[in-house]
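The values are calculated or read from the model by the stated rules, or taken from the named source; none is laboratory data. All of these numbers come straight from a predicted model, not from anything done at the bench. FYI the Cβ positions are ideal-geometry reconstructions off the backbone, even for glycines, and counts take in every protein chain you see.
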Amino acid sequence: MILNRLWMGLNLARSGIYFLESLPFALVSRWIGNPDLPPPTNEQVRTLWKHIVQLHEREAQNLDRGLYPASALELENPLRHLRSFIEVLRDGVKVAFRMRRRDTKSFSREASDMGEGLPDYYTRNFHFQTDGYLSEASARRYDHQVEILFTGTAGAMRRMILPVLKDNTRGDGHWLEIGCGTGATTRSVCETFPKAKVTALDMSAPYLKIAQNNLRRYQRVDFMQGDGTNLDFKNSTFDVVYSVYLLHELPKPERAAVIREAFRVLKPGGILIFADSTQLGDEKELDWALDRFPKAYHEPFYRNYIENNLAKTLKQATGCEARTEYAFFTKIGWVQKPLSSELS
């Protein structure tokens, strides 16, 4: 327990560091990117910190219960972190000017080439980030950018799927992750479930390359480029299918298609889990932040996502009752696929 409380202290300190790092981005965004959008009030900031503390307390409880090991947590190398911050800060100015112009289709030659043949909804500068999801430079910056955005809580929120997986799976078999990105969730899953073989799928070849580098020590992970709306797997292939922070970046038809495909490739008795943004009404004192997010960043499908209840969306796509829970800005929804006898 003492060790886990130490981790809580480190996580709070880490959130403090990311909060300080967010300040220059907030100023640049306000002066250059979106001067008409007022900053959060002092009361809203205090509310955010209350929920940040609650999230880290919940993680300490999860560690106490043995739901996942401390090795699933992040602890950055200070020197690499500093170099990364300088690069992210340098790029932040470009992001702010792109934000000011509302420029969502600006790509380097490399990124343009990577976008060939990909869906139109995907080839854009999500969050106004340079090259969207279509370059290795974008992938190297991504995790640091997201941690700044969420004040050092992105990893902790991702890890909230681990207790659900612990309680609803045997921890082995063949698992599929849809939209693995740079492999941040994949790593925590591998640390927590050493008997599971994971296929990590993403539409972005550059992000997959960075994920392969980040996860090179895990021999149980296969990497595959693919589209979650049209999975190249046979029916009932995987014991577990999970996805983190994907649904809100999809148009509504593609969102439903991803869920249907994930359910199709899931074995009877298996668990399908999605973790994504909380939705309007889940935590009313944070609704202002959900409303603000798509105004500040390029998230064209986010509003539709937060207005369509995740449990209902899962039931419509799978025919199964869904369970949900949430922590800070992350909501988890999951269904269990009926056994064959229950389907007849």
Note to self: Could you check region 188-202 and list, in sequence order, the residues that are over 13 Å from the mean Cα position of the chain (by Cα), surrounded by 20 or more Cβ atoms within 10 Å (Cβ to Cβ) and not β-branched (Val, Ile, Thr)?
What the structure shows: 190, 193, 196, 200, 201
Margin query: For a quick check of your reading: which helices (runs of 4 or more DSSP H) sit entirely within region 141-223 and have at least 1 residues that are out of contact with any Pro (no Cβ under 7 Å at 6 or more places or on another chain) and within 24 Å of residue 22 (Cβ to Cβ)?
Written below: 154-158, 184-192, 205-214
Margin query: Of everything in region 287-301, what is in contact with a Leu (Cβ under 8 Å, 6 or more places away or on another chain), touching a residue at least 40 places away in the same chain (Cβ under 8 Å) and part of a helix (DSSP H, G or I)? Give them in sequence order.
Written below: 289, 292, 295, 296
Notebook entry, point to check: Are there any pairs with C-beta distances below 6 angstrom linking a residue in region 59-81 that is at pLDDT below 95 to a residue that is in a loop (DSSP other than H, G, I, E, B) and among the hydrophobic types (A, V, I, L, M, F, W, C), with the two at least 6 apart or on different chains, and if so which?
Noted result: 64/1
Item checked: Among the candidates 339, 280, residue that is under 26 Å from residue 52 (Cα atoms) and of a type in the set (A, V, I, L, M, F, W, C) -> 280
Check: Of the residues 269, 281, which single one is in a loop (DSSP other than H, G, I, E, B), surrounded by fewer than 20 Cβ atoms within 10 Å (Cβ to Cβ) and on the phi > 0 side of the Ramachandran plot?
Finding: 281
Item checked: For residue 337: the one exception among (1) crowded, with 20+ Cβ neighbours inside 10 Å; (2) more than 14 Å from residue 282 (Cα to Cα); (3) out of contact with any Ser or Thr (no Cβ under 8 Å at 6 or more places or on another chain) -> (3)
Margin query: I want to confirm something. Restricting to region 69-114 and keeping residues that are of a type in the set (Ser, Thr, Tyr) and under 29 Å from residue 7 (Cβ atoms), which single residue is surrounded by the fewest Cβ atoms within 10 Å (Cβ to Cβ)?
Written below: 71
Item checked: region 248-266, residues that are in a helix (DSSP H, G or I) and either among the aromatic types (Phe, Trp, Tyr) or in contact with a Leu (Cβ under 7 Å, 6 or more places away or on another chain) (or both) -> 255, 258, 259, 261, 262, 263
